[in-house]
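All remarks here apply to the structure that follows.
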Amino acid sequence: MVTRTIVAVLTIGAAAGVGAAGQHQPPAKPDHMQHRFDDPAKFAKSFDDPARDAWQLPSRVIEALGLKGGMAVADIGAGTGYFSTRLARVAPDLTVYAADIEPAMVEHLKSRAMSEHLKNVVPVLAGTASPNLPKPVDVVLIVDTYHHIGNRAAYFRDLRKSLTASGRVAIVDFRKDAPEGPPVEFRFTVDQIETEMKQAGFRLDAKHDFLPRQHFLIFR
Ligand SMILES: C[S@@+](CC[C@H](N)C(=O)[O-])C[C@H]1O[C@@H](n2cnc3c(N)ncnc32)[C@H](O)[C@@H]1O
């Protein structure tokens, strides 16, 4: 009985951040930025702002992915469809899985694909541990979403099963010195991203430096 009481006290202490010597510990630093994107109309104002094209250079990003008709690509963290809709226009027989964790974004992607007559966009409701892709893809594109994914080494290790044998993962995310973006603790260096991706079994295949605000890295 006495032992059980001590175990209970220690467990509660650990949950509250009380260390062995009784001092309060700072809470563990989160490994990703938690943020809801449940209002597509509000986010569309910035995600689909035509002024974004000047620094996002979507045509150059898509060109660097080397996509061909017949391939399948997944846009993980598709948001309002800025990249998904452009990817879909590369070729009518390119399948674009537009995966997002927010049900409201998935609904928005469905109606946007329908109104823009993009039959090759397939909206998918993603989970925190997996994008829930229905079949393996040739390319995964992740724009401004890497920093929202938690437990990344495990996430990307698991993502390997959603890639074809020559599949690639393209990550676009904010540089430390970008004039806008997430708080600085959720902006990573190339070394940080490369280290995490190595832990998940990927190697850096290409590093593009033409985006003024973001890193653009492609892993195999
Ligand atoms: C900053 S927005 C970027 C949207 C889009 N990629 C763009 O460039 O316009 C991040 C998006 O990722 C989604 N998201 C966050 N965590 C995610 C996860 N673990 N899996 C899939 N989507 C996620 C959010 O709901 C949001 O729509």
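The values are calculated or read from the model by the stated rules, or taken from the named source; none is laboratory data. Remember, predicted model here, so these are calculated numbers, not experimental data. Cβ coordinates were reconstructed from backbone atoms using ideal geometry, including for glycine residues, and neighbour counts include every protein chain displayed.
List the number of the failed condition for Gly181; all other conditions in (1) within 22 Å of Ala64 (Cβ to Cβ); (2) surrounded by fewer than 20 Cβ atoms within 10 Å (Cβ to Cβ); (3) more than 13 Å from the ligand (Cβ to nearest atom) hold.
Only one criterion in (1) within 22 Å of Ala64 (Cβ to Cβ); (2) surrounded by fewer than 20 Cβ atoms within 10 Å (Cβ to Cβ); (3) more than 13 Å from the ligand (Cβ to nearest atom) is unmet by Gly181, namely (3).
Residues checked against (1) without any contact (Cβ under 8 Å) to a residue 24 or more places away in the chain; (2) in contact with a Cys (Cβ under 6 Å, 6 or more places away or on another chain); (3) within 23 Å of Gln214 (Cα to Cα); (4) buried (at least 18 other Cβ atoms within 10 Å of the Cβ):
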site	(1), (2), (3), (4)
Gly69	no, no, no, no
Thr80	no, no, yes, yes
Val122	no, no, no, yes
Gly127	no, no, no, no
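Examine region 7-27 for a residue that is surrounded by 10 or more Cβ atoms within 10 Å (Cβ to Cβ), at pLDDT 95 or above and part of a helix (DSSP H, G or I), and state whether such a residue exists.
no
Quick one: is Ala54 in a helix (DSSP H, G or I), at pLDDT 95 or above and more than 15 Å from Asp144 (Cβ to Cβ)?
It is true that Ala54 is in a helix (DSSP H, G or I), at pLDDT 95 or above and more than 15 Å from Asp144 (Cβ to Cβ).
Hey, Lys135 hits all of (1) within 16 Å of the ligand (Cβ to nearest atom); (2) of a type in the set (Lys, Arg); (3) under 21 Å from Leu65 (Cα atoms) but one; which does it fall short on?
Condition not satisfied by Lys135: (1).
Any residue at all in region 77-88 that is part of a helix (DSSP H, G or I), under 15 Å from the mean Cα position of the chain (by Cα), aromatic (Phe, Trp, Tyr) and more than 11 Å from the ligand (Cβ to nearest atom)?
Of region 77-88, the ones part of a helix (DSSP H, G or I) are 82-88.
Within this subset, residues satisfying the condition of being under 15 Å from the mean Cα position of the chain (by Cα) are 82-84.
Keeping just the survivors that are aromatic (Phe, Trp, Tyr) gives 82-83.
Right, trim to more than 11 Å from the ligand (Cβ to nearest atom) and you get none.
Within region 77-88, none of the residues are part of a helix (DSSP H, G or I), under 15 Å from the mean Cα position of the chain (by Cα), aromatic (Phe, Trp, Tyr) and more than 11 Å from the ligand (Cβ to nearest atom).
Within the group Asp158, Asp173, Asp191, Asp138, which residue is among the acidic types (Asp, Glu), free of Cβ contacts under 8 Å to residues at least 24 places away in the same chain and outside any loop (DSSP other than H, G, I, E, B)?
On inspection, the qualifying residue turns out to be Asp191.
Give me a count of the residues in region 116-132 that are of a type in the set (A, V, I, L, M, F, W, C) and within 11 Å of the ligand (Cβ to nearest atom). It would help to see each step written out before you state the result.
First pass over region 116-132, keeping only residues of a type in the set (A, V, I, L, M, F, W, C): 118, 121-122, 124-126, 129.
Filter once more, so that each one left must be within 11 Å of the ligand (Cβ to nearest atom): 124-126, 129.
Within region 116-132, residues that are of a type in the set (A, V, I, L, M, F, W, C) and within 11 Å of the ligand (Cβ to nearest atom) number 4.
With Val184, Val121, Val140 as the choices, which residue is more than 15 Å from the chain's Cα centre (by Cα), modelled with pLDDT of 95 or more and of a type outside the set (Ser, Thr, Tyr)?
When all the criteria are applied, what remains is Val121.
Is it fair to say Gly150 is assigned by TED's automatic domain parsing to the domain that holds Ser59, crowded, with 22+ Cβ neighbours inside 10 Å and either small (Gly, Ala, Ser) or within 9 Å of the ligand (Cβ to nearest atom) (or both)?
No.
Go through region 194-220 and give me each residue that's charged (D, E, K, R) and touching a residue at least 60 places away in the same chain (Cβ under 8 Å).
Selection gives Arg213 alone.
Only residues that are hydrophobic (A, V, I, L, M, F, W, C) and either closer than 14 Å to Asp209 by Cα or more than 9 Å from the ligand (Cβ to nearest atom) (or both): list them for region 45-65, please.
Narrowing region 45-65 to residues hydrophobic (A, V, I, L, M, F, W, C): 47, 51, 54-55, 57, 61-62, 64-65.
Scanning region 45-65 gives Ala51, Ala54, Trp55, Leu57, Val61, Ile62, Ala64, Leu65.
Here is a check on your reading of the model: is Ala99 assigned to a loop (DSSP other than H, G, I, E, B) and either in contact with a Phe, Trp or Tyr (Cβ under 6 Å, 6 or more places away or on another chain) or crowded, with 24+ Cβ neighbours inside 10 Å (or both)?
So Ala99 does not fit the description; no.
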